[in-house]
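The values are calculated or read from the model by the stated rules, or taken from the named source; none is laboratory data. Fair warning: this is a prediction, and the values are worked out from it, not measured in the lab. Note that we place each Cβ from the backbone using ideal geometry, even for glycine, and neighbour counts take in every protein chain shown.
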Amino acid sequence: MTNKLHISLDLFGGFRCRKIDGTVINIRSAKQRALLAMLAVAAKGVHSRSWLQEHLWERSGEVHGRASLRRALADLRKIFGCNFEEIFEISNTEIRLRHGRLRLEGGRQAGVFLEGIRIREPKFNLWLAQQRQQSRSCVTPGADERLDLAPSVAILPISSVHGTPEESHFGDLVAAEISRCLSRSRLVDVISHLSSRRLQNPKLDISTIKTGLGVTYVLTGNMRVNGARYRLDADFLAVESGRILWTRSFEGRIADILNGRGAAISLIARECGREMLRAAVELAESRPLPLVESHALFMSAINNMHRHDARSFDLAKQQLEELVSRLPQHAVLRAWQAKWHILSISQGRSANISQTSAWAKDCTMRALDLDPQCPTSLTIDGMVQGDRRRDTSTALSRFEQATEIDPNHALAWLMFSRLHSFSGNGAEAVKCADRARKLSPLDPYGYFYDIMASIAHLMDGNYKPAIKLAKSSIAANGLHTSSYRTLAIALMLNGEAAAAREVVKTLLRLEPTLTIKSYLSSHPAGKLPTGKLWAKALLEAGVPS
């Protein structure tokens with residue numbers, strides 16, 4: 001087998017296939033063109049035979065669909081001749097287009113993805129709409145952190161039960177506020193409210209949503225207004241299957257929504273986020289890694305990184321490696337690999353802290369080489385600089401850059417808070433933590449936001465809110481030892497010594513090797529007067545010296 005490329009494909013502004021010397025390869029069949037395009041943009045160039053049959057010949061039925069796929073492959077074998085075996089890898093279950101024998105040309109500047117192609121197959125048209133949506137959101141490799149990595153959701157127009165103009169306008173406002181709240185998260189792509197409003201048909205069906213928006217999930221509902229109060233009955237659906245994932249009713253005062261204080265808006269966003277995360281984790285655990293969609297794999301990896309059990313943590317590493325193999329130019333994936341290494345140190349999983357720290361640094365440098373303006377990469381590099389290298393000046397600069405590029409980047413504000421906390425600036429730490437928590441309605445590691453906010457209040461001498469936030473963090477993740485340490489310190493400093501000692505009993509069961517000496521040597525605030533005060537509180541609560 002030779003190592004040279006064999007074909008180039010243009011998929012934007014119409015389909016074109018050429019030999020590397022420029023000779024046109026004439027592929028007239030729309031379905032053969034679609035087959036090549038689907039394999040060209042697939043992870044590792046592979047799809048199962050059943051997937052291709054469902055997307056290109058579903059209306060033909062199973063038997064005729066299999067025969068049609070075989071004929072399409074036979075025709076492509078004639079077209080590509082002696083190069084066919086080097087371009088394609090065929091098995092009884094899968095078809096692979098070898099990416100090493102292929103070069104993709106052009107880009108979205110040349111026109112619409114597969115412009116002019118017409119195939120009367122519902123699943124193909126859904127796939128095509130999703131590809132076009134993704135291509136519209138992509139500017140350059142690494143420029144859009146969410147490309148291929150986030151499920152997409154649309155908040156459809158909320159209908160009026162009574163049909164009054166006031167009810168309709170209020171329903172439209174609620175839909176816009178839910179969209180705005182969800183869009184703060186970097187774990188989900190939210191279709192703009194204006195785009196969703198185009199589908200304002202009371203007889204709208206799921207197939208129209210598939211082709212019109214190309215999203216993974218939709219929220220729909222109807223609004224009832226009764227005097228000063230409202231009731232929203234909402235359904236959250238998976239677009240591909242049309243299945244209702246949950247149905248809920250939300251009530252409240254109209255004035256609260258108008259004044260920007262509607263608790264229902266945040267609650268709806270959290271419910272959507274939890275369901276998307278649950279679905280991603282379930283999907284990632286039920287299929288082999290190469291067959292899991294990138295957005296599900298990404299959300300599952302981030303979730304598994306923060307679950308504090310060895311199996312999940314190791315799986316997160318495998319999932320990130322799979323994603324990097326699919327999207328090697330995606331800066332944010334390298335950044336999350338660095339975060340994995342940081343967590344392996346902080347969770348006591350690293351056998352060689354110096355080596356693991358070097359790996360984390362290498363990952364962030366690769367990420368910043370790919371995209372120097374990636375706020376996630378800047379943020380996680382700031383963590384590496386501040387935690388492992390004790391370079392607080394560079395860490396501060398990284399967090400400032402990240403929040404300047406993206407003022408709504410929750411993780412950047414959280415790490416900004418953490419740096420202020422461990423530098424002794426409690427008031428600024430509280431401000432940054434509050435902002436981070438407001439910007440993170442969907443994060444699977446909300447417990448981490450709570451404990452960082454707790455530490456900020458602890459540094460600022462606000463012991464009661466520190467206790468409340470630490471308890472909230474423990475309720476969400478009962479294995480996070482930092483939450484127990486923080487709670488014990490806050491209780492002791494608040495004069496609740498007996499409660500602090502009970503917390504330390506649990507802490508030492510989870511972290512039996514903890515000592516005051518190890519705490520002071522590893523904690524970022526260990527050399528500060530505040531850190532020594534906290535160590536004294538832990539000692540009095542029962543942590544051995």
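Figures for the structure shown
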| item | result |
| --- | --- |
| R274 vs. criteria within 18 Å of the chain's Cα centre (by Cα), at pLDDT below 85 and not assigned by TED's automatic domain parsing to the domain that holds R437 | yes |
| So V153, is it in a helix (DSSP H, G or I), crowded, with 22+ Cβ neighbours inside 10 Å and modelled with pLDDT of 70 or more | no |
| Residue match in the stretch 28-39 (condition: surrounded by fewer than 17 Cβ atoms within 10 Å (Cβ to Cβ) and touching a strand residue (DSSP E or B) at 6+ places or on another chain (Cβ under 8 Å)) | no |
| Boolean, A72 is closer than 28 Å to R132 by Cβ, assigned by TED's automatic domain parsing to the domain that holds C17 and either acidic (D, E) or buried (at least 18 other Cβ atoms within 10 Å of the Cβ) (or both) | yes |
| All helices (runs of 4 or more DSSP H) inside the stretch 425-539 with 2 or more residues being of a type in the set (D, E, K, R) | 426-438, 463-476, 497-510 |
| Members of the stretch 477-492 that are surrounded by 20 or more Cβ atoms within 10 Å (Cβ to Cβ) and of a type in the set (A, V, I, L, M, F, W, C) | L487, A488, I489, A490, L491, M492 |
| Leading residue by the ranking (nearest to P290 (Cα to Cα)) among those in the stretch 87-98 that are of a type outside the set (A, V, I, L, M) and surrounded by fewer than 16 Cβ atoms within 10 Å (Cβ to Cβ) | T93 |
| Residues of the stretch 115-133 satisfying the condition of being closer than 16 Å to G13 by Cβ and of a type in the set (G, A, S) | G116 |
| Some residue of the stretch 48-58 being loosely packed, with under 14 Cβ neighbours inside 10 Å and either under 24 Å from R287 (Cα atoms) or of a type outside the set (V, I, T) (or both) | yes |
| Hey, A410 at pLDDT below 90 and either in contact with a helix residue (DSSP H, G or I) (Cβ under 6 Å, 6 or more places away or on another chain) or not aliphatic (A, V, I, L, M) (or both) or not | yes |
| Unique match (being modelled with pLDDT under 85 and surrounded by fewer than 17 Cβ atoms within 10 Å (Cβ to Cβ)) among A263, A284 | A263 |
| Scan of the stretch 482-526 for residues that are under 25 Å from S423 (Cα atoms) and basic (K, R), ordered by number | R485, K517 |
| Of all residues making up the stretch 306-329, the number that are in contact (Cβ under 8 Å) with a residue 40 or more places away in the chain, assigned to a helix (DSSP H, G or I) and either touching a His at 6+ places or on another chain (Cβ under 8 Å) or farther than 14 Å from K44 by Cα (or both) | 1 |
| So L315, is it in the same structural domain as L528 (by TED's automatic domain parsing) and either more than 21 Å from the chain's Cα centre (by Cα) or surrounded by 17 or more Cβ atoms within 10 Å (Cβ to Cβ) (or both) | no |
| Any hit, the stretch 221-231, residues being over 20 Å from L439 (Cβ atoms), out of contact with any Phe, Trp or Tyr (no Cβ under 7 Å at 6 or more places or on another chain) and buried (at least 21 other Cβ atoms within 10 Å of the Cβ) | yes |
| Qualifying residue in the stretch 524-536 (condition: buried (at least 17 other Cβ atoms within 10 Å of the Cβ), modelled with pLDDT of 90 or more and not polar (S, T, N, Q)) | yes |
| Scope the stretch 464-486; condition aliphatic (A, V, I, L, M) and over 20 Å from G348 (Cα atoms); matching residues | A466, I467, L469, A470, A475, A476 |
| Scan of the stretch 407-418 for residues that are buried (at least 17 other Cβ atoms within 10 Å of the Cβ) and either over 12 Å from A436 (Cβ atoms) or touching a Leu at 6+ places or on another chain (Cβ under 6 Å) (or both), ordered by number | A410 |
| Of residues in the stretch 187-208 being touching a Leu at 6+ places or on another chain (Cβ under 8 Å) and at pLDDT below 70, the one farthest from I405 (Cα to Cα) | L204 |
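Rundown of residues vs (1) of a type in the set (K, R); (2) under 30 Å from S266 (Cβ atoms), yes/no style:
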residue	(1), (2)
H420	no, yes
S440	no, yes
K468	yes, yes
A498	no, no
T513	no, no
A525	no, no
G531	no, no
